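Inspection log for the structure reproduced underneath, given as structure tokens.
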Amino acid sequence: HPRANTPSVRDLVHDLLLDHINPLYDGGGRIVAEYDLDGEMLAEYHVVIDRHYGLIAKYSMMNQMDIVGITTIMCEKEFQRGFGEDWSVVWREKRLHSGREAMEVLRCDARGLYEAWKEAEVIRFGKDLYCGRIHQRSVGGKWVYVLNGFYMAMRNEYLEPSSCVHAYVIQWSAEMLPWKDFLTRAIGSSDPSKALPDSLRRTIYDRYRYLEMEERPNEFFNAIHASESPLEGLAERLNWSFSKTVQQDEFGKTLLGKGIPESKILEWCENSKVSMSRNDATATIGGPRYVDVAGMMDIFDVVKGMDTRECLDTLIQVYDCELFGSKEGREHKRKRRRRRRIIHRTSSVDNEAMGGCCIIS
């Protein structure tokens, strides 16, 4: 994030990254490349920022008609319990707004909304969906509720001409540091105050003044982003133009070599929802907790924390499932039609974090 991009933070991130991914100092983990991205470039291609933040951006920038579509995510009982107001009344009185709409309703700019958000009572209703009751301002004497009210200020900071972000593409051995451990031990919890000691987020949180930062990181501005799987790493390298095409990316080429079309890979890179049976989901991701009522899952959630080999095999399974239906249906169709097996189910890929993980600081 531009706010964390100071020389001291960059030096710290560089050194701590290598400590985590190359603990034996034998070259087993390395920083493949570093990039600087300035605000003028990001302003010209502002869609890069919105695509990077995905649902966070979507919820913050939607209009009233779009908000109707997410009411099933908002738990009415939880809303009543947390805020003490009836959800249907708030909705009927049009007191629920996206971050973009809230600036107009409350007559403030993005920074003013963020300052109000910091003092708001906030409830998380789902993945990347936060609702805050704005205490400082009211409309008609009644509270206003805002979805992801922090994002518009975050977005503007990226687009300032003077802003700059620093990115790393890294590679390491999953045998030495599984991707799940990389996320918890090296990067740390999304709430830096709860991150493990010696993780990047906790270290920056503890030393923010020494690191020349003006504000201590928090859950919404946590200084460091890291891809949570090889697939998300591919998506982010494409989004930030570190890899120009799927064919030019190491993990992308591996997916193509397993028979997965480029169009499907690009669709997954948008974090599309995929359908799998609950049996398949349980076998693949350790339980049906990621499956919504329609049996759909965000593909990034399906492969979150997986190492390269497991991620690859899971994506093959997901694609196979889309082609042939449930596991039982696949077996039946294959036996009945003697269809040619078009996907190699096992992977011979090295279990390495291929192309690594894009980290923005």
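Pairs linking a residue in segment 255-271 that is open to solvent by 30 Å² or more (accessible area, probe 1.4 Å) to a residue that is hydrophobic (A, V, I, L, M, F, W, C) and not in a helix (DSSP H, G or I), with Cβ atoms under 6 Å and 6 or more positions apart or on different chains, are G259/I342; G259/I343; E262/V246. A single entry from R289, R340 fulfils the requirement of being assigned to a loop (DSSP other than H, G, I, E, B), farther than 30 Å from D36 by Cα, modelled with pLDDT under 55 and open to solvent by 70 Å² or more (accessible area, probe 1.4 Å): R340.
All of I49, I67 fail the test of being modelled with pLDDT of 80 or more and in a helix (DSSP H, G or I), apart from I49.
Only a single criterion out of (1) modelled with pLDDT of 90 or more; (2) open to solvent by 70 Å² or more (accessible area, probe 1.4 Å) is not satisfied by D36, namely (1).
In the set R202, R216, R207, which member is at pLDDT 95 or above and either within 16 Å of the chain's Cα centre (by Cα) or open to solvent by 70 Å² or more (accessible area, probe 1.4 Å) (or both)? Step through it out loud before you land on a result.
On the way: R202 fails: either within 16 Å of the chain's Cα centre (by Cα) or open to solvent by 70 Å² or more (accessible area, probe 1.4 Å) (or both); R216 fails: at pLDDT 95 or above.
It is R207.
Take M176 and decide whether it is at pLDDT 85 or above and open to solvent by 40 Å² or more (accessible area, probe 1.4 Å).
Numbers: at pLDDT 85 or above: yes; open to solvent by 40 Å² or more (accessible area, probe 1.4 Å): yes.
Criteria met by M176.
Just to be sure before I move on: is D128 open to solvent by 10 Å² or more (accessible area, probe 1.4 Å), among the acidic types (D, E) and in contact with a Gly (Cβ under 8 Å, 6 or more places away or on another chain) in the structure I sent?
On the way: open to solvent by 10 Å² or more (accessible area, probe 1.4 Å): yes; among the acidic types (D, E): yes; in contact with a Gly (Cβ under 8 Å, 6 or more places away or on another chain): yes.
It is true that D128 is open to solvent by 10 Å² or more (accessible area, probe 1.4 Å), among the acidic types (D, E) and in contact with a Gly (Cβ under 8 Å, 6 or more places away or on another chain).
Can you say whether R3 is open to solvent by 50 Å² or more (accessible area, probe 1.4 Å) and either closer than 27 Å to A153 by Cβ or outside any helix (DSSP H, G or I) (or both), as far as the supplied structure shows?
On the way: open to solvent by 50 Å² or more (accessible area, probe 1.4 Å): no; either closer than 27 Å to A153 by Cβ or outside any helix (DSSP H, G or I) (or both): yes.
No.
Taking residues in segment 98-118 that are over 14 Å from Y145 (Cβ atoms), and partners anywhere that are open to solvent by 60 Å² or more (accessible area, probe 1.4 Å) and not acidic (D, E), the pairs with Cβ atoms closer than 7 Å and at least 6 places apart or on different chains are A110/N156. The number of residues in segment 90-102 being open to solvent by 40 Å² or more (accessible area, probe 1.4 Å) and among the hydrophobic types (A, V, I, L, M, F, W, C) comes to 1.
The values are calculated or read from the model by the stated rules, or taken from the named source; none is laboratory data. Given the structure is predicted, the values throughout are model-derived calculations rather than measurements. Note: ideal-geometry Cβ built from the backbone for every residue, glycine included; neighbour counts use all protein chains shown. Note: accessible area is taken over every heavy atom of the protein model, side chains too, but ligands, DNA and RNA are not part of it. Shrake-Rupley method; radii C 1.70, N 1.55, O 1.52, S 1.80 Å.
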